[in-house]
1. For the chain, with a Gaussian network of springs between Cα atoms less than 10 Å apart, report the residue from Leu137, Leu15, Leu151 with the top mean-square fluctuation.
2. Just to be sure I understand, if you calculate Cα extents along the principal axes in Å for this structure, which of [x] 99, 43, 34; [y] 62, 42, 38; [z] 53, 47, 31 do you get?
3. Per residue of the chain, what 222 nm ellipticity follows from adding -39500 (n - 2.57) for every DSSP H run with n ≥ 4, rounded to the nearest 500?
4. Using Cβ contacts closer than 10 Å as the measure, can you line up Asp196, Asp142 from fewest to most?
5. What ranking do Tyr231, Tyr160 get, fewest neighbouring Cβ atoms within 10 angstrom at the top?
6. List the lysines whose alpha-carbon lies under 28 Å from that of Lys79, not counting same-chain residues fewer than 8 positions away?
7. How about the range 146-210: which GluC sites (Glu not before Pro) there are in a DSSP loop, with at most 16 other Cβ atoms within 10 Å of their Cβ?
8. Give me Trp141, Trp32 sorted ascending by neighbouring Cβ count inside 10 Å, so fewest comes first.
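We did not get these values from a lab; they are worked out from the coordinates using the rules stated. Since we're looking at a predicted model, the values are computed, not measured. Heads up, the Cβs are rebuilt from the backbone with ideal geometry, glycines too, and the neighbour counts pull from every protein chain shown.
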Amino acid sequence: PVGILNETHEPPTFLGVERNGVEKEIIPSTWWEAGGAYSGRFANGISYDLALHSGLNVPTDGSNAYRIRSGRQKVAEAKAEDLAVTGRIRYTGVPGLELSLSAMRQSDITQGTEDAGATLLEAHAIYQRGPFGLRALYADWDIDSTGAALLGKDSQHGFYLEPSYALNDSWTVFARYSEYNTTAGFPGIEAVEQLDLGVNWKIHEDVVFKADYQDQSGASDDDGFNLGVGYQF
């Protein structure tokens, strides 16, 4: 229960051809674990989730050292010497509004290779009023590890802001600005900055055609035009 896309990630449910970089590199969507969870809800629109589960197993060397996304074990044959706990509180008491705060703690995200405790904090807001939509998200990792600190990866964070407008039931246009930095522990290291402008065309509630233009700057300069088709069943 972390982020916007991780639990609901099929192509018709999000804008743009690719998932945004923040919910790919900082929150490694799609991210699933084995464990147990308890959920509850109060009458005032507040709900909560608490889970104890298997955790990450990030590499400590090579080109993907301390890359969060590379630590996903996807349950099968997952090492679980160091479990993780995740909690979320969410407010949906106002029509069209969702506010959410999540936290995840793991005592060692290297599963015994190094004593590397890590904490993820994430907050997001979703607002929909008529044809206008807005999504905003911030996520931050704090990794207590000498090895990660030497690479500047003891701090990793990112955010994005995504307004959208539904022209009708089929066509939605959007813009998204995002920044994320996987080596934020080194002062002066630039973040990846990306602007996306695009359109979704839903020909069916489960089928969507997508097109967008991306303009990157900062730590990466990967500009491009993307086309895609997605479906769910």
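1. Leu151
2. [z]
3. That calculation yields -500 deg cm²/dmol at 222 nm.
4. Values: Asp196 23, Asp142 16.
Sorted ascending by nearby Cβ count, the order is Asp142, Asp196.
5. On the way: Tyr231 12, Tyr160 23.
Listing Tyr231, Tyr160 from fewest to most nearby Cβ atoms yields Tyr231, Tyr160.
6. Hits, sequence-local ones excluded: Lys24, Lys153.
7. Those satisfying the criteria are Glu190, Glu205.
8. Least crowded to most crowded, the residues run Trp32, Trp141.
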